[in-house]
Every structure is written in structure tokens, then in C-alpha cells.
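Read-outs: derived from the displayed coordinates by stated rules, not from any lab. Computed from a predicted model, the values in this text were never measured in an experiment. Counting neighbours? That spans all protein chains shown, and the Cβs are built from the backbone with ideal geometry, glycine included.
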Amino acid sequence: MSSKRLSKLDAPKNITGVEKALNEHDFIVSKTDTKGFITYCNEIFATMAGYSFGELIGANHNLIRHPEMPKLAYKILWDKIQSKQEFFGFVKNLCADGGHYWVYAYITADLDTNGNIIGYTSVRRRPPQSAIDQIVPIYKRLLDAERSGGVESSMRLLNELLNNNDLEYDEFIINLQIGANL
Ligand SMILES: Cc1cc2nc3c(=O)[nH]c(=O)nc-3n(C[C@H](O)[C@H](O)[C@H](O)COP(=O)(O)O)c2cc1C
């Protein structure tokens with residue numbers, strides 16, 4: 001593998017649909033600067049994504065953005081972490097070979113002693129299959145809504161779903177991660 005620093009433009013165009021599962025006890029860890037450019041990642045990150053450290057350090061996290069992910073997921077992510085709240089969510093990531101892997105991600109802001117955001121840290125685990133099975137059709141509906149009516153439309157849809165189940169966003173995600181059926 002080369003050590004060329006990669007950008008979103010280098011992401012694979014051939015989406016294979018082949019899933020790579022994270023081992024049950026593994027954690028994928030990365031740290032970014034305030035714009036989402038990777039400053040650190042662990043070996044499991046590099047192995048799962050299929051890139052070398054040289055390619056990943058300095059690359060933007062959107063290198064592994066999967067096209068089947070709704071924009072809304074990243075809007076929620078950035079809104080939460082930029083306001084120093086924790087983000088929990090399910091993310092389908094794109095591997096260098098066009099395959100993918102699902103993660104349950106936890107992201108939080110890194111603060112300096114004055115409380116200023118100096119970067120972000122993400123730790124990810126393997127989600128249960130029941131969570132993936134439930135989130136896939138929801139993300140598909142959100143993506144369809146975005147294609148016709150933009151992120152406002154997918155946000156309206158997600159809020160309806162949460163209201164119908166009487167759940168806050170975090171509760172909804174955590175329930176899925178502990179194996180609940182909604
Ligand atoms: C600490 C941290 C970790 C992130 N992890 C991922 C990730 O695993 N996959 C992903 O697609 N985006 C991740 N993002 C979000 C990306 O920075 C980006 O917002 C997203 O990929 C959408 O990019 P786009 O708006 O250019 O399409 C992360 C951001 C931060 C700050």
C-alpha cells in the first residue's frame with residue numbers, strides 16, 4: 001500500500017455490497033482535528049477500512065463515507081459534537097475495496113483547559129445484527145426523503161418516527177444497540 005494521503009475523491013466507485021464484520025471485542029478508534037481530518041487511528045481502523053496509516057492520517061473522515069448513509073446522520077453527528085454533546089449512532093462505512101462495515105459509534109469533543117474544542121474522538125463497536133436489520137430500512141427511507149426533499153424532509157421523517165415511538169434520538173439508538181426491537 002502507498003503512503004499517499006487520500007481524499008474523498010479516492011474513495012472506491014465500485015460498491016460491492018460485501019460486508020466485513022467487526023469482531024465482537026474490537027474497538028475502532030480515531031481522533032480528528034476540528035474539521036474531521038484524521039490525526040490518529042488504531043490498527044483495527046486501518047484493517048477494517050483497508051487503508052494504510054500513511055493514507056489515513058491527514059485524510060478527512062469522509063473518505064469512508066458510504067453513499068447509502070443519509071446526510072441527516074452526519075448533520076446530527078456534527079450538531080451534537082460541535083455543541084459538546086456526545087453523539088451515538090449507527091454508521092455504515094465504505095472500505096477501500098468497495099465493501100462495507102457497520103459500527104455503533106460514540107463521538108465526543110476533546111476540550112482544552114479553557115473548554116475550547118481542539119478535536120474529536122470516536123470509538124466504535126460492532127452493533128448487534130438486530131440493530132442493523134432495523135436501521136437499514138430507516139436509513140433507506142431517510143435517504144429517499146433526502147433525494148426528493150433534502151435534509152429537512154429526512155429530519156421531519158425521523159422526528160415523526162421518534163414521536164410515534166415516544167423516544168428521544170439517543171434513547172432510540174441505545175435501545176437498538178442493546179438489542180431491543182422497536
Ligand atoms: C471523530 C469523527 C469521526 C467520524 N467518523 C466517521 C466515520 O466513521 N464515517 C463517516 O462516514 N463519517 C465520519 N465522520 C463524519 C465525517 O467527518 C463527514 O462529516 C461525513 O463522512 C460526511 O461527509 P460529507 O458531508 O463530505 O459527505 C466523523 C467525524 C468525526 C469528527
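3J(HN,Hα) along segment 173-182, derived from phi through the Karplus expression 6.51 cos²θ - 1.76 cosθ + 1.60 where θ = phi - 60°, amounts to 5, 5, 4, 5, 5, 8, x, 6, 9, 8 Hz, with x in place of Gly and Pro. Given their separation in residues at 0.36 nm each and the Cα-Cα distance between them, V151 and I118 gain 9.1 nm when the chain is fully extended.
This model, with +1 at the C-beta of Lys and Arg and -1 at the C-beta of Asp and Glu, gives the chain a dipole about its Cα centre of some 560 debye. Going by alpha carbons, how many degrees (0 to 90, nearest 10) lie between the helix axis of 71-82 and the longest principal axis of the chain? Relative to the chain, helix 71-82 is tipped by roughly 70 degrees. Compute the acute angle (0 to 90°) between the alpha-carbon long axis of helix 129-164 and the principal axis of greatest extent of the alpha-carbon atoms of the chain; round to the nearest 10°. Tilt relative to the chain: about 80 degrees. Adding -39500 (n - 2.57) for every DSSP H run of four residues or longer, then dividing by how many residues the chain holds, sets the calculated 222 nm ellipticity at -12000 deg cm²/dmol.
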